[in-house]
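The values are calculated or read from the model by the stated rules, or taken from the named source; none is laboratory data. Bear in mind the structure is a predicted one, so any value in this text is a computation, not a measurement. As a convention, Cβ positions derive from the backbone with ideal geometry for all residues, glycine included, and neighbour counts pool all protein chains shown. Heads up: the accessible areas ignore ligands, DNA and RNA and are worked out on the full protein's heavy atoms, side chains in. Shrake-Rupley method; radii C 1.70, N 1.55, O 1.52, S 1.80 Å.
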Amino acid sequence: MEAPELLSEHACFGGVQRFYQHASTVIGLPMRFSVYLPPQAAQGALAKVPALLYLAGLTCNEETFMIKAGAQRMAAELGLALITPDTSPRGANLPGDSDSWDFGVGAGFYIDATQAPWARHYRMESYITSELMALVAHELPVDRQRVGIFGHSMGGHGALSLALKHPKLFKSVSAFAPICAPSLCPWGQKAFTHYLGRDATTWAAHDSSALMAVKASAPFPNGILIDQGLADKFLPTQLFPDVFEAACQAVGQPLVLNRRVGYDHGYYFMSTFMADHLAHHAAALALPR
């Protein structure tokens, strides 16, 4: 496994914020990702720390969360590493991949495309769950047995769906304003039609609400945490948290869905409740006593 190239490194709350690039064999293009290592990760070669994988939303990249979310201070206190991949391949130069902000570059939707020409490079699910996590665990003091996942908007869809599809990889999950039922909303329908094809019966395998609805029991008995701003302009047409809530109730999945009065869709909202999400994951990823 080829080591990633370190692009930059910054001291941060006693730990270190790093930005990397590597040649992805899954994507077939260079990919960037960022990692925050808390001070506990420097306590000897055996000091592996639990990690949170964060998936960003439409138009974002591997830097957005690390710059805007204000998560490093509490991650340092809790001893949590933070990992953020980019939101799509870049440099594929496919027809139409840069024509709109909600599809193509910056909008990979964390799935593996099956339709040409997207299937060659747009393989974000396989990239994250196989290549990126293996690379990070190999190169950095991260405990691969204690990994949680969370995200925002498109990344919230990614966090919920990947957690439901890969429960052995992710031990905890939360989301901010997630796209909870992408099969029902314009963002998801646009992406799924191009990436997966027009047969909507294939979409359920990537739709968090549909994935939850077919579970025989609660996949995350310790609970799922979602925060949703009620002043979010995308709530009525794109997000559908009530659909996911109903699916959780049907299978007995514990869910805390906080409906936050006055909060919108952006990073000011997320940073306000970031501590709650980090604490949620820290509790789930703690070493047994």
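Surface analysis of the range 1-114 yields an accessible area of 42 Å² per residue, using protein heavy atoms and a 1.4 Å probe. Using only alpha-carbon positions in the range 202-250, the gyration tensor eigenvalues give semi-axes of 21, 15, 8 Å once each is multiplied by 5 and square-rooted (largest first). Of the DSSP H helices in the chain, those that are both long (alpha-carbon extent of 18 Å or more along the helix axis) and hydrophobic (Kyte-Doolittle mean at least 0.0) are 267-285.
Just round it to a whole percent: the fraction of Cα-Cα distances in the range 72-152 exceeding 19 Å. Result: 46 percent of Cα pairs exceed 19 Å. Excluding residues fewer than 8 places away in the same chain, name every one of the lysines whose C-alpha is closer than 27 Å to that of Lys68. Within the straight-line limit of under 27 Å, Lys68 reaches these lysines: Lys48, Lys171, Lys233.
Multiplying each eigenvalue of the alpha-carbon gyration tensor of the range 1-97 by 5 and taking the square root yields semi-axes of 26, 16, 10 Å, largest first, rounded to whole angstroms.
Label point of Lys68 set 7 angstrom out along Cα-Cβ; within the range 233-272, amide nitrogens under 12 Å from it belong to 265-271. Using Stokes-Einstein with the Kirkwood hydrodynamic radius over Cα pairs, what translational diffusion coefficient do you get for the chain at 10 °C and a viscosity of 1.306 mPa s, in µm²/s rounded to a whole number? Stokes-Einstein gives a translational diffusion coefficient of 84 µm²/s. Computed from label points 7 Å out along Cα-Cβ, the spacing between Trp101 and Ser130 is 3.4 nm. Short to long, the 5 Å bins of the Cα pair-distance histogram for the range 137-242 hold 2, 12, 21, 23, 18, 13, 7, 3, 0 percent of all pairs. Note on Lys165: lysines with a C-alpha under 20 Å away, same-chain residues under 8 apart excluded, are Lys215. Given in Å, the Rg to one decimal and the Dmax to the nearest whole number for the Cα atoms of the range 185-289 are 15.7, 50.
Could you give the Stokes-Einstein D for the range 218-276 in µm² per second, using the C-alpha Kirkwood radius, 37 °C, 0.692 mPa s? Answer, rounded: 268 µm²/s. Counting only protein heavy atoms and a 1.4 Å probe, tell me what percentage of the range 168-289's accessible area is made up of carbon and sulfur. Exposed carbon and sulfur together represent 59 percent of the surface.
Calculated accessible area for the range 156-214 comes out at 32 Å² per residue, all protein chains present (probe 1.4 Å; ligands, DNA, RNA ignored). Give me the net charge of Gly79's neighbourhood, meaning all other residues with Cβ under 12 Å from the Cβ of Gly79; Lys, Arg count +1, Asp, Glu -1. Around Gly79, the charge tally is 0.
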